[in-house]
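A quick write-up on the structure given underneath.
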Amino acid sequence: MEQLINYILQLADSNLILTQRNAAWCGHGPILEQDIAITNITLDLIGQSRNFYQYAAKLINESTDTKVTEDSLAYLRTEREFKNLLLTEQENGDWAQTIVRQFFYSVYQYFLYEKMQHSRDEQLAGIAAKSLKEVTYHVTWSGEWVIRLGDGTAESKERIEKAIIELWPYTGEMFLPEAYEISMVSAGIAPDITLLKNEWYKKVTDIFEEATISLPKDGFMQTGGKNGVHTEKLGYILSDLQYLQRTYPNATW
Amino acid sequence: MVVENDITIDALWKLLEQVPDPEIPVLSILDLGIVRDVKLQDGQVEIIITPTYSGCPAMDAISMDIRLKLIEHGYKNIKISSVLSPAWTTDWMTEEGKIKLNKYGIAPPKMSGDLSNSTPVCPQCNSADTKLLSQFGSTACKALYQCNDCKEPFDYFKCH
Ligand SMILES: [Zn+2]
């Protein structure tokens with residue numbers, strides 16, 4: 001049970017942290033339509049993460065003596081307890097960096113949920129099938145932006161290439177399973193992420209080709225996020241995200 | 001007893017028809033296809049709904065509106081549950097709902113099996129010559145289009 005809970009928390013945390021990052025664009029997007037687009041995508045991400053947290057909370061409450069809620073899981077866990085992918089905690093940077101981060105993550109989510117909708121775990125299958133419809137739009141939108149920036153002006157190309165170099169070392173972690181993921185694969189609950197790599201790579205290559213940019217060499221990959229070992233950036237994100245509930249416990253809107 | 005129950009469930013569906021979607025008030029929640037089931041057991045009314053989008057902020061408001069409508073009509077023991085599967089699709093929107101939506105100025109969604117590349121018809125002047133401005137519109141469920149004939153921008157309820 002603990003493995004399953006860790007697995008669900010990892011899915012929830014990655015979405016939540018990217019939500020918190022993207023939300024900083026609200027009111028600051030380059031033009032109104034794109035401000036609305038990134039915040040709408042972010043709304044989908046937080047909705048998906050709520051579904052995962054609610055499920056995790058139910059399992060935790062059923063299997064242990066503790067009493068948690070989706071809110072306490074989001075607002076009251078510490079940095080070392082968060083299992084989000086390192087990619088999701090990376091800085092917004094400029095628009096190009098936000099786009100590349102979203103594109104890498106959305107393509108990953110797409111192939112992950114496509115398999116997960118056939119999970120033996122009915123609740124995960126249901127969340128995945130629903131999320132997949134939303135993520136399909138995210139892949140199209142972020143992919144179009146990759147093309148627009150890569151095949152745009154000299155400056156936009158330079159910026160997106162810089163963003164790709166910055167974020168590339170955080171992509172390997174998506175396809176390297178932790179112990180709890182491996183046990184969920186053998187239980188027929190989680191898709192085998194090592195098998196997603198080729199599809200992800202192909203989709204990214206196709207879009208990059210259209211964008212007239214090249215894929216970096218594989219290189220050294222950062223890992224640890226899924227086990228609670230994060231870059232220094234997560235602490236700052238959590239202090240922003242959690243300060244209200246920690247300062248005024250149980251405060252409501 | 002069965003007959004009596006049937007009549008009551010029917011009455012519940014009738015009441016739900018009066019609950020509007022908070023974001024598109026010309027549509028009832030039945031037009032939208034988000035009410036999946038209505039159950040009546042041991043005096044408890046259970047309404048089962050499904051969210052349109054995972055992050056749809058209207059879901060809490062919709063649950064509350066359903067509750068209030070039922071309370072208003074004397075029901076006390078009310079349970080509102082949410083299910084995720086099968087995932088909501090715009091194919092569940094009623095034909096009547098699509099007509100109302102178009103009159104309201106929002107182009108209705110295509111059926112998911114419709115693979116044609118045609119853009120939605122302008123709800124203002126019925127021109128088929130329209131173009132996509134942004135895949136994301138004023139709410140998660142809409143995209144923004146513009147008519148090349150009358151030049152009016154309009155929302156399109158995305159196929160989902
Ligand atoms: Zn027109």
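Here, each number is a calculation from the coordinates, and none is a lab measurement. Values in this document were obtained by computation on a predicted structure and should not be read as measured data. Neighbour counts run over all protein chains shown; Cβ positions are idealised from the backbone, glycine included.
Miscellaneous remarks
- Dipole in debye (nearest 20) - the range A:92-137, about Cα centre, beta carbon charges: Lys, Arg +1; Asp, Glu -1: 60
- Pairwise inverse Cα distances across the range B:90-157, averaged and inverted, put the Kirkwood hydrodynamic radius at 12.0 Å.
- Positive end of the dipole of chain A (Cβ unit charges, origin at the Cα centre): among A:Ile189, A:Trp200, A:Tyr137, the Cα lying farthest that way belongs to A:Ile189.
- Where no second cysteine Cβ lies under 4.7 Å, the cysteines concerned in the protein assembly as shown: A:Cys26, B:Cys56, B:Cys141, B:Cys159
- Average Cα contact separation per residue, chain A, under 8 Å, 6 or more apart, as relative contact order %: 25
- Calculated mean residue ellipticity at 222 nm for chain B: -8500 deg cm²/dmol, from DSSP H runs with n ≥ 4 weighted as -39500 (n - 2.57), summed, divided by the residue count and rounded to 500.
- Extension gain from B:Gln41 to B:Asn126, taking 0.36 nm per residue of separation minus the Cα-Cα distance: 25.8 nm
- Burial ordering of A:Ile36, A:Ile41, B:Ile48, B:Ile99, fewest other beta-carbon atoms within 10 Å first: B:Ile99, B:Ile48, A:Ile36, A:Ile41
- For the range A:100-253, the C-alpha radius of gyration sits at 1.20 times the compact-globule guess of 2.2 N^0.38 Å, with N the residue count.
- Spatial extent of the range A:30-176: Rg and Dmax, with the Cα atoms as the point set, Å: 17.1, 59
- Charge dipole magnitude, Cβ of K and R +1, D and E -1 - the range B:14-160, Cα centre, debye nearest 20: 120
- Theoretical FRET efficiency, 1/(1+(r/R0)^6), r = Cβ-Cβ of A:Arg246 and B:Glu96, R0 51 Å, to 0.05: 0.55
- Counting neighbouring beta carbons within 10 Å and listing from fewest to most, the residues A:Ile182, A:Ile99 come out as A:Ile182, A:Ile99.
- Figure legend: label point modelled 7 angstrom from the Cα of B:Asp149 along Cα→Cβ; residues of the range B:114-134 with amide N under 15 Å from it are B:119-131.
- When chain A is treated as a GNM with alpha-carbon contacts under 10 Å, the residue of A:Ala56, A:Ala187, A:Ala74 showing the greatest mean-square fluctuation is A:Ala187.
- Counting Cβ atoms of other protein chains within 10 Å of each residue's Cβ and taking the mean over peptide B:127-137 gives 3.
- Most to least packed among A:46-54, A:22-30, A:63-71 [average Cβ atoms within 10 Å]: A:46-54, A:22-30, A:63-71
- Cα-centre dipole for the range A:2-247 with unit charges at Cβ (Lys and Arg positive, Asp and Glu negative), debye to 20: 260
- Three principal axis extents of the protein assembly as shown based on alpha-carbon atoms, in descending order, are 70, 64, 42 Å.
- Ranking A:Ala163, A:Tyr248, A:Val68 by how far each Cα lies toward the positive end of the dipole of chain A (charges on Cβ) leaves A:Val68 at the top.
- Ranked A:Asp192, A:Asp218, criterion: other C-beta atoms within 10 Å, fewest first: A:Asp218, A:Asp192
- Annotation: peptides A:144-151, B:89-96, ranked by per-residue average of other Cβ atoms within 10 Å with the highest first, follow the order A:144-151, B:89-96.
- Working from label points 7 Å from Cα in the Cα-to-Cβ sense, the A:Leu32 to A:Thr136 distance is 3.0 nm.
- The range B:129-144 - phi-based ³J(HN,Hα) in whole Hz, Karplus 6.51/-1.76/1.60, Gly and Pro as x: 8, 10, 9, 6, 9, 7, 6, 10, x, 5, 9, 4, 8, 10, 10, 10
- Above-threshold pairs, the threshold being 28 Å between Cα atoms, out of A:Lys226/B:Lys142; A:Lys115/B:Lys79; A:Lys83/A:Lys157; A:Lys130/B:Lys98; A:Lys67/B:Lys39: A:Lys226/B:Lys142; A:Lys115/B:Lys79; A:Lys83/A:Lys157; A:Lys67/B:Lys39
- Peptide A:36-49 shows a mean partner chain C-beta count of 5 within 10 Å per residue C-beta.
- One quarter of the convex hull surface built on the alpha carbon atoms of the range A:132-195 amounts to 5.7 nm², the projected area averaged over directions.
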